[in-house]
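The values are calculated or read from the model by the stated rules, or taken from the named source; none is laboratory data. Predicted model, so just to flag it, every value in this text is computed and none were measured. Here Cβ is always computed from backbone atoms with ideal geometry, including for glycine, and neighbour counts include all displayed protein chains. Heavy atoms of the whole protein, side chains included, go into the accessibility calculation; ligands, DNA and RNA do not. Shrake-Rupley method; radii C 1.70, N 1.55, O 1.52, S 1.80 Å.
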Amino acid sequence: MTITDAVAAQQPLVQRLLDDVAEIGRDPPGITRDAYGPGENLAHALLAETARDLGLRCSGDAGANLAMRWDTGSGAKPILIGSHLDSVVQGGNFDGAAGVIAGIAAIAALKAAGIAPRAPIEVLALRCEEAVWFGLGLIGSRCLLARLPDGALDLRHARTGATLAESIAACGGDPARLRDATPLRDPASIGAYVEVHIEQAPQLIEAGAPVGLCLANPGNVRHPFIRITGEEAHTGLPHRFRRDAALAGADLALELEKLWLAEEAAGRPMAITIGRFHTPSERHSLTSVSGSFTMSLDLRAYAPAHLTALEQRLGEIVATVAGRRGVTIELGTRSAAAPGPMDAMILAGFEAASGAAAPRLNSPGSHDANNFAAAGVPTGMLLVRNANGSHNPYESMDTGDLMAAIHVLARWLAG
Ligand SMILES: [Zn+2]
């Protein structure tokens, strides 16, 4: 059987798994598969059962991730195919799950075609990718690669209130091992990490392409609580006397947007999101000039040097706006995540496997792949066309488009 026919023959398996994980997470109008909880656990059990039927060896690790390994007899470093099975609350079915299912289906296709790949292959179901459960995302891959920030094991689950350490232990993991700075898997022992994920923007719909080759995942700098302090005043105060915190917030937001558009025009992709933007509800009124203002900022870019330069520009813009408006601007708490550039060899391999038809694009979102790339593992990602974004019940992926990604993945694994 040709590889193309063998992949096509997996469509019923893929559809069944997509339907079964949807059933596990059913929470109308969306899907909820809670991390380190029954939803994620049932999805892990379902895929482990399927993997065993395919002759794969299943094992857990200290972070309670699931590895499904095809020992091909090759002594080469293994190729890992990962993604996650948790979802946000009332999210969609495909963010994460489609990628784990793609890995299983690619192996099933290679086996059906009688092809022995060049290295052992492991499909990973990584725990708790979504940040909603503990206020921290990508937890499974952080556990695997010793990239948990200090205090992470003490974070509490949004639903159960259990700490991350307790939640990991309840799912068969070993939180004590995770306090060790040594990775569960030595990055140097991993041949490659690849991930299939739905696209979370409409770029592939715009391009009319089922599959895209990911160039990089964004890193970010986040300031959740920016505080602007001016002077509260009466509506009658003339403009020249005002130190208006609300207008300073608006000024800052528009200056940041100007920066964004200028960078885009110069061919340096980035994004700015101001998710919270408000005067204090206990003080604000129709007839007062606001003396204080609060906003959040998520600044993302695809290259470490670009992100550093943008953060410097942010500092300059803050100083300019503060001076112009007579206010003080405190950026407050800062968190950061490294960008995840994809490996050029894997990208070229995916391109050859796709018949050179797939567009290259940046991923709108961060993924577990970021942690592997940051750890120095050669990393690649395939993005699958998807309507309506993600983290909502209306994300929409055609199984046929996922099959196209599985075809690229299987051909690359075979090559
Ligand atoms: Zn995801």
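Just how many % of Cα pairs in segment 267-373 lie over 24 Å apart, if you round to the nearest whole percent? Write down the numbers at each step before the final one.
Numbers: 2568 of 5671 pairs.
Percent of Cα pairs beyond 24 Å in segment 267-373: 45.
Report the calculated FRET efficiency for SER74 and LEU54 (r = Cβ-Cβ distance, R0 = 25 Å), to the nearest 0.05. Each step should come with its number before you reach the end.
On the way: r = 18 Å, r/R0 = 0.70.
Using R0 = 25 Å, I get an efficiency of 0.90.
In whole percent, how big is the carbon plus sulfur part of the accessible area of the chain, probe 1.4 Å, protein atoms only?
The nonpolar share, carbon plus sulfur, comes to 54 percent.
In whole Hz and in residue order, list the ³J(HN,Hα) couplings for segment 94-109 that follow from phi through the Karplus curve 6.51 cos²θ - 1.76 cosθ + 1.60, θ = phi - 60°; x for Gly and Pro.
9, 5, x, 4, 4, x, 5, 5, 4, x, 4, 5, 5, 5, 4, 5
Compute the length gained on full extension between ARG360 and THR320: take 0.36 nm times their separation in residues and subtract their Cα-Cα distance, giving the result in nm to one decimal.
Here the answer is 10.7 nm.
Can you tell me the relative contact order of the chain? Whole percent, Cα pairs under 8 Å, sequence separation 6 or more.
23 percent
Counting heavy atoms of the protein chains only and a 1.4 Å probe, report the per residue accessible area for the chain as a whole number of Å².
Normalised by residue count, the accessible surface of the chain is 41 Å².
In whole Å, what is the distance between the alpha-carbon centres of segment 244-312 and segment 321-339?
Here the answer is 9 Å between Cα centres.
Would you mind listing how long the chain runs along its three principal axes, going by Cα atoms, in whole Å with the largest first?
80, 46, 41
For the chain, take the longest principal axis of its alpha carbons; what is the angle in degrees between that and the long axis of helix 245-265, to the nearest 10 within 0 to 90?
The helix 245-265 is inclined about 40 degrees to the chain.
With r as the distance between the Cβ atoms of THR287 and GLU257 and R0 = 35 Å, compute the FRET efficiency 1/(1 + (r/R0)^6) and round to 0.05.
0.75
Show me, for segment 277-286, the HN-Hα J-couplings you get by feeding each phi into the Karplus relation (A = 6.51, B = -1.76, C = 1.60, θ = phi - 60°), rounded to Hz, glycine and proline as x.
7, 7, 7, x, 5, 7, 10, 5, 7, 4
So what's segment 160-296 giving for Cα Rg divided by 2.2 N^0.38 Å, two decimals? Walk me through the numbers on the way to the answer.
Details: Rg = 23.6 Å, N = 137, 2.2 N^0.38 = 14.3 Å.
Working it through for segment 160-296, the quotient is 1.65.
State the antiparallel share, in %, of DSSP beta bridges confined to the chain, rounding to the nearest 5.
70 percent
Roughly speaking, what is the stretch gain from ARG276 to THR2, that is 0.36 nm per residue apart minus the C-alpha to C-alpha distance, in nm to one decimal?
93.4 nm
Label point 7 Å out from HIS306 along Cα-to-Cβ: which residues of segment 336-351 have amide N under 13 Å?
339-342
Return the whole-Å distance between the Cα centroid of segment 123-202 and the Cα centroid of segment 345-415.
About 21 Å separates the Cα centre of segment 123-202 from the one of segment 345-415.
Once both axes come from the Cα atoms, what is the angle between helix 38-53 and the longest principal axis of the chain, in degrees from 0 to 90, rounded to 10?
Its long axis makes an angle of about 30 degrees.
So, counting K/R as plus one and D/E as minus one, what does the shell of residues with Cβ under 9 Å around THR229 add up to? Display every interim value, and only then the final one.
Details: positive: ARG227, ARG243; negative: GLU231, GLU330.
Combined, the nearby Lys, Arg, Asp and Glu give 0.
Can you pull the Kirkwood radius for segment 118-173, inverse mean 1/r over Cα pairs, to one decimal in Å?
Evaluated over segment 118-173, this radius sits at 12.0 Å.
Quick check on segment 348-415: take the gyration tensor over C-alpha atoms, sort the square-rooted eigenvalues as a ≥ b ≥ c, and tell me if it's rounded (a/c under 1.5), prolate or oblate.
Values: a/c = 2.10, a/b = 1.15, b/c = 1.83.
Oblate shape, in that a/c is at least 1.5 and b/c is the bigger or equal ratio.
I'd like the FRET efficiency for ASN392 and GLU330, computed as 1/(1 + (r/R0)^6) with the beta carbon distance as r and R0 of 35 Å, rounded to 0.05.
Computed FRET efficiency for ASN392 and GLU330: 0.60.
Report the gain in length on full extension from ARG177 to ARG222: 0.36 nm times residue separation, minus Cα-Cα distance, nm rounded to one decimal. Before the final figure, lay out each step's value.
Numbers: separation 45, 0.36 × 45 = 16.20 nm, distance 2.93 nm.
Extra length available between ARG177 and ARG222 comes to 13.3 nm.
Determine, at each q value in 0.08 (inverse angstroms), the log₁₀ of I(q)/I(0) that the Debye formula gives when each Cα of segment 1-158 is one equal point scatterer.
So the normalised log intensities are -0.24.
How much solvent-accessible surface does LEU382 expose, in Å² to the nearest 10, with a 1.4 Å probe and all protein chains in place?
0 Å²
Per-residue ellipticity at 222 nm for the chain, helices alone: DSSP H runs ≥ 4 residues times -39500 (n - 2.57), over residue total, nearest 500 deg cm²/dmol?
Values: 13 runs with 152 residues, N = 415.
The helix-only estimate for the chain comes to -11500 deg cm²/dmol at 222 nm.
Hey, what do the phi angles of segment 344-350 turn into as Karplus ³J(HN,Hα) couplings, whole Hz, using 6.51/-1.76/1.60 and θ = phi - 60°, x for Gly and Pro?
5, 5, 5, 4, 5, x, 5
What Kirkwood hydrodynamic radius do you get for segment 102-203 when you take the inverse of the mean 1/r over all pairs of distinct Cα atoms, in Å?
15.9 Å
Skipping prolines and chain starts, which residues have an amide H placed within reach, meaning under 5 Å, of the one on VAL196, given they are 5 or more residues away or on another chain?
GLY82, LEU382
Would you tally the net charge around ASP154, using a Cβ to Cβ cut-off of less than 15 Å, leaving ASP154 out, and scoring K and R as +1, D and E as -1?
Within the 15 Å Cβ shell, the charges total +1.
Between rounded, prolate and oblate, where does segment 72-132 land on the alpha carbon gyration tensor, with a ≥ b ≥ c its root eigenvalues, rounded for a/c under 1.5, else prolate if a/b exceeds b/c?
Oblate, since a/c reaches 1.5 and b/c is not below a/b.
What are the residues whose amide H is under 5 Å from the amide H of ASP27, where those residues sit 5 or more places off or on another chain and H is modelled from the backbone?
THR32
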